[in-house]
Amino acid sequence: MLVSLKNVAQYVSLDGLSAEEIANGLTFAGVEVEEVRRMASGTNLVIGKILECEKHPDSDHLHVLKVDLGGDYGVEQIVCGAPNARKGLKVIVARVGSVLPGGEIKKGVIRGVESNGMCCSLLELGVDAKYLSEYQQKGIEELPEDAIVGNENVLKYLNLDDEVLDVKVLANRPDLLSIYNVAREIGAIFNRKVEIPEAEEISNFKTKIEIGSKSEKCSQFSIKEVRGICIKPSPKWMQNYLNAMGVRSINNVVDIGNYVMLLTGQPLHMYDADKLPKKELYAYSEYEGDFVALDENTYAVKPGDIVICSDHKPMCLGGVMGALSCAVDDFSKNLFIESASFDSASIRRTSLRLGLVSESSQRFVKGTNHFQSEEVLNLAASLLKQYADAKEFSDNVVYQDEEEKVNKISSSVEKINGRLGTSFTKEQIYDVLTRLQFKVMMDANGEFVVKVPQFRLDVTCSADLSEEVIRLLGYENVPSLLPKLDTKVGGLTHGQARLREIRYFLLERGLDECLTYSLLNKKEIKAFNLLNDDEHYEILNPLTDDHVCFRTHVLNSLLKAAEYNVSRQEKNLALFETSNVQSLQRREEHLAIVLVGQEQAQGALKTIPYDFYHMKGLVEGIFTLLGIEASRYKFERLESHFDELHPGKSAKVLFQNQLVAIFGELHPQKISEYGLGKTNAVVLEMNLSPLLFTKVNIEKMSPISRFPSVSRDLAFIVDKKVEAKDLLKTIKIAGKGLVKDAFIFDVYQGANIDEGKKSIAISIVYRNDNATLTEKEIVDVQDKIKYELGKNYHVEFRM
Amino acid sequence: MKNNKLKDILQNALGTIEKALSLDALINIKNTYLSKKSELMGMMSKIGELPPEERKEFGQEVNEVKTTIAASLDEKMAELSEKEMAEKLKKEEIDISLPSRSLTVGGRNPFHIIKDEMIDVFLGMGFEVADGPEVESDEFNFELLNIPKDHPARDMQDTFYIDKNTLLRTHTSPVQAHVMAEKKGEAIRVICPGKTYRRDDDDATHSHQFAQIEGLVVDKDINIGHLKATLELFAQRMFGEKRKIRLRSSYFPFTEPSVEVDIDCANCGGKGCSMCKGTGYIEILGGGMVHPNVLKMNGYDPEVYSGFAFGIGIERVAILRYGIDDIRRFYQNDVRFLHQFRKKI
């Protein structure tokens, strides 16, 4: 809401307050002023008269002027480029030293001719172009004949000395969409007397119109008939106020409607009385049909929209827009002025649906005072009398289906201070509430009842009163005091702490932690959906096609982040993200990892291409970190292949037989699809939730053997398909309790090894925890192992 | 020494040892002078040919020569091996400025750094951490927070809807309602960090996805002073011990009174600069006393309990802390950006 301070000053004295002070006072009281604007600005201005106007000797468009600046300043020579500069014209002159929005005016020589000042257009004084005609924008401002040469109070003369506050009206204070109420607010904040003039009822005939409401969505509907008006421009002062408050001037009748709305917050509607099909106006909310509006567009009206009808024909879409058929035009003579109260929700839905949002509809949506219609009609009538030559005024016809409730709230000084943590006195609280126009009845103990002024729709309970008190007395009066802490202390839950550990583990392994959007496009939601076939949520009202589906997986987003980086020549990436995902079926915490290119072990000196086993190591690391024993999870080959993964280099992870992760090297086709260049990539999607909430054994120390261990190696050739885990398992079983560890230290396929075979070297660690092993024991157990390997896998020993 | 030959052997030996340049040369010298086939040992074996009275003296002299040579050899050996080791080590010198084995930590999106840090500040004040669904019901996102259907405050937050009654939460405040439902009757001190969504076009200062940390304290006798102190402590932990906060009256449907909280600008110390747009203060969060209707709707008697709540934008704090120029940076994951932030503490 744009608030003209000049206008406000008519109702409350602003003497001694700068616009900035007022803005600050309002802002701290919860009425945020976003900007203080000046209609125009400029120092060292004076009204001058062009005495001579010669062509510049060295230019085809410049003029050399001799301008009379009045008694104090005499005649100055000014070089001027305006096409409308001419002898005899009265103009605005910015003297040397003048500061204008565009900079300072200095003495100068323009193409060899001295120039002492500038003749100004209103644009140069900072007036918004939207208020100026094209002619005004092109040249210097032409002042009327009667302008007094030498007058230095130019902005005041032009009525451009106004300052305008851009007030952000929050949803709880729709009353502030009214100059009167802003004046009341400023009066309360700065403790100044507020005087709102009361318009007297003018009435010299009884109207025959029948009015009423057939809908509970219109609880109040009032009409005044005004006859004999004359459409013409509104007075200059009114145009200036409207301009200052961002409303375009149209003609006196329209302007008066808008001006009354700005003052009171109550939108008005004017009907051409002679165009109504019948002398009646009724509000309905069941109407259905086409409606041709003022803007000459046809809108489909539906049940639920509030429509004002005459003879069952729609004359106005209540609170939104009038009908073309009964619009006031240049020839209108007689009016019906309507001041009504409409249900906010209905207006909100109608104006949103039809895309018709206006100053009026916004006021209805935010809430209007339902009990001021007569004053509003009287104000409009008196203005129409003065500025539209209206002669006949009917009585006010009021339909009111709502009883005026007196809003009373009981509270106490103790309650107010208790909520605020303050120790304000009875007197302070009484004073503040009274300034805000609450009627306070307080007893000696500080118990009180207040009567809330009708325009304050937002104050309904004692908590609201505490806000009124503190916003005027100031939050600096609230002492800081930490709340008492009872013995129960907070902290992360087990699951939260584990999630954090997993993240830190990955960071410490050198992976970068990412953050991506939860909304995907329809193609992305289907890609890399590895863990389940859940249905995803879809946005009804998306902004772009890219953000439509709520993700059920994280990996695709992370691959997009990888693509972003690869396209910027960052080709070695280790990225991860943990995120909540939600589908129609479940809500889980997921982890995604993407490894692209090479692990840079020593800058670029040593590099290891990322592969399946990197990711496997990270997965094992996470389980180890959480204290989950290897026996509780396993890696398995994928039975069904995904398009996204290399079929031979991918796996699933089962945690207690529940699928928790799928990972593997990216299918070569996907590498180019995701713009990852020629490099390789390994990806993982993991559901962390079961891991975060599982119970694990408390770790306990087991004795460390006093006896030495002995290592022996085995090397053999075996069928390529035989998996390492089976070989190791066989070794452990065959080794009874003596094999403490066995690990593969070499795998070779290629030259000297038959096709379909591989050479494997395994190191086995033997130890007896109760005695030193003898050579014979070692040989015996190793022979047994060899026998079992030979029997089960037909291995061919190499030594 | 009487025996001239021995004298010569000793002289020769010592001279050769002195001139020896390598350990190998010393071993040769040792063989030449001290092995069984050496001249010295040859002379020793002929001791029997000497008259008995000379034998003792001769024997002593041979031994003396032998010990002297051996000692000299040992000394030279030590000298040379030390030199050889030094040379070997010298040859093994490396360029220590070459890159390391890269055991550094990964880059952290500053979003996560700030989120973790903010959580830690509140954990230190005895808060618990709660979380709630991002796909939320209208009831929890709006109605239980004193924002009934068609309340004008709904226009303050443009919402992504899934269907009439389901939406992407527009703030973390619905977790307040979840926590109150769960804790029914108990005192509450909880924060809820999480992602939120609004129907905003993405640009340098707007994002359709952003994150907040919601705070909720419900107990007997809670007042605005408690909110002020809690947020003051928060501001000081996050932005420096000298920071001061300022409360401005504001409006949220679920708090009454409601406040916006500013901190004095760390950049200029409150004098006014480009960072704070000349005001000396920077808006960081909103909060207030939990509205009695919210308490009532969520099963707490507002006559007995009171509470405060606040919501802090995580990106907003990170932007201020790190001077980040564009909110989209958090979501681009440019590693050149991520690698600028590695510090854990």
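Worth a mention:
- Placing +1 on the Cβ of every Lys and Arg and -1 on the Cβ of every Asp and Glu, with nothing else charged, gives the range A:10-104 a dipole about its Cα centre of roughly 540 debye.
- Unit charges at the beta carbon, dipole of chain A: most positive-side option, A:Gly790, A:Gly491, A:Gln600: A:Gly790
- Counting only protein heavy atoms and using a 1.4 Å probe, the accessible area of A:Lys732 comes to about 100 Å².
- Solvent-accessible surface, computed for protein heavy atoms with a probe of 1.4 Å, shrinks by 30 Å² or more for the following residues of the range A:515-556 when the other protein chains are added to the isolated chain: A:Leu515, A:Tyr517, A:Ser518, A:Leu519, A:Tyr537, A:Ile539, A:Leu540, A:Asn541, A:Leu543, A:His547, A:Phe550.
- When chain B is treated as a GNM with alpha-carbon contacts under 10 Å, the residue of B:Asp24, B:Asp138, B:Asp201 showing the greatest mean-square fluctuation is B:Asp24.
- Stokes-Einstein diffusion for the range B:258-345 at 10 °C, viscosity 1.306 mPa s, with a Kirkwood radius from C-alpha pairs, works out to 100 µm²/s.
- Over all distinct Cα-Cα pairs of the range A:45-157, the Kirkwood formula returns a hydrodynamic radius of 14.0 Å.
- Across the range A:699-799, Cα pairs under 8 Å and at least six residues apart give a relative contact order of 41 percent.
- Chain A: mean projected area of Cα convex hull, nm²: 56.6 nm²
- Solvent-accessible area per residue in chain A equals 47 Å², computed with a 1.4 angstrom probe and all protein chains kept.
- Of the three principal axes defined by the Cα atoms of the range A:223-338, the extents in descending order read 42, 28, 25 Å.
- Cross-link partners of B:Lys183 among lysines, defined as those whose alpha carbon lies under 21 angstrom from its own and excluding same-chain residues fewer than eight positions apart: A:Lys484, A:Lys488, B:Lys220, B:Lys296.
- This model, with +1 at the C-beta of Lys and Arg and -1 at the C-beta of Asp and Glu, gives the range A:408-477 a dipole about its Cα centre of some 220 debye.
- Pairs beyond 18 Å (Cα-Cα), from B:Lys30/B:Lys76; A:Lys130/A:Lys232; B:Lys7/B:Lys76: A:Lys130/A:Lys232; B:Lys7/B:Lys76
- Anchor A:Lys107: lysines whose Cα lies under 17 Å away (excluding residues fewer than 8 positions away in-chain): A:Lys66
- In terms of its C-alpha gyration tensor, the range A:494-693 has a rounded overall shape, because the principal axis ratio a/c (a ≥ b ≥ c, square roots of the eigenvalues) stays below 1.5.
- Signed unit charges on C-beta, dipole axis of the protein assembly as shown, positive-most listed residue A:Pro453, B:Gly59, A:Leu125: B:Gly59
- Top positive-direction residue, dipole computed over the range A:494-693 with Cβ charges, set A:Ser689, A:Ala651, A:Leu584: A:Ala651
- Alpha-carbon Rg with Dmax, taken over the range B:4-91, Å: 15.6, 58
- Sulfur and carbon atoms: percent of accessible area, the range A:592-724 [1.4 Å]: 53 percent
- Largest first, the residues B:Tyr331, A:Tyr793 sort by 1.4 Å accessible area into A:Tyr793, B:Tyr331.
- Across peptide A:573-582, the average count of Cβ atoms from other chains found within 10 Å of a residue's Cβ is 3.
- Dipole magnitude of the range B:4-91, debye to nearest 20 (Cβ charges: Lys/Arg +1, Asp/Glu -1, about Cα centre): 340 debye
- Peptide B:158-167, shielding by other chains (average Cβ, 10 Å cutoff): 4
- Residues A:Met1, B:Met289, sorted by accessible area with the largest first, give A:Met1, B:Met289 [1.4 Å probe; ligands and nucleic acids excluded].
- With 25 Å as the limit, the listed pairs A:Lys740/A:Lys791; A:Lys168/B:Lys115; A:Lys208/A:Lys275; A:Lys193/A:Lys224; A:Lys634/A:Lys678 have A:Lys168/B:Lys115; A:Lys193/A:Lys224; A:Lys634/A:Lys678 beyond it between alpha carbons.
- Per residue, chain B exposes 47 Å² of accessible surface when a 1.4 Å probe is rolled over the protein heavy atoms with every protein chain present.
- Partner lysines whose Cα lies under 18 Å from the Cα of B:Lys36, excluding those fewer than 8 positions away in the same chain, are identified as B:Lys5, B:Lys46, B:Lys66.
- Residue ranking by accessible heavy-atom surface, 1.4 Å probe, largest first, among B:His208, B:His151, B:His339, A:His794 comes out as A:His794, B:His339, B:His151, B:His208.
The values are calculated or read from the model by the stated rules, or taken from the named source; none is laboratory data. A quick note: this is a predicted structure, and the numbers were derived from the prediction, not measured. No Cβ is skipped: glycine too gets one built from the backbone with ideal geometry, and neighbour counts run over all protein chains shown. These accessible areas exclude ligands, DNA and RNA; they are computed on the full protein's heavy atoms, side chains included. Shrake-Rupley method; radii C 1.70, N 1.55, O 1.52, S 1.80 Å.
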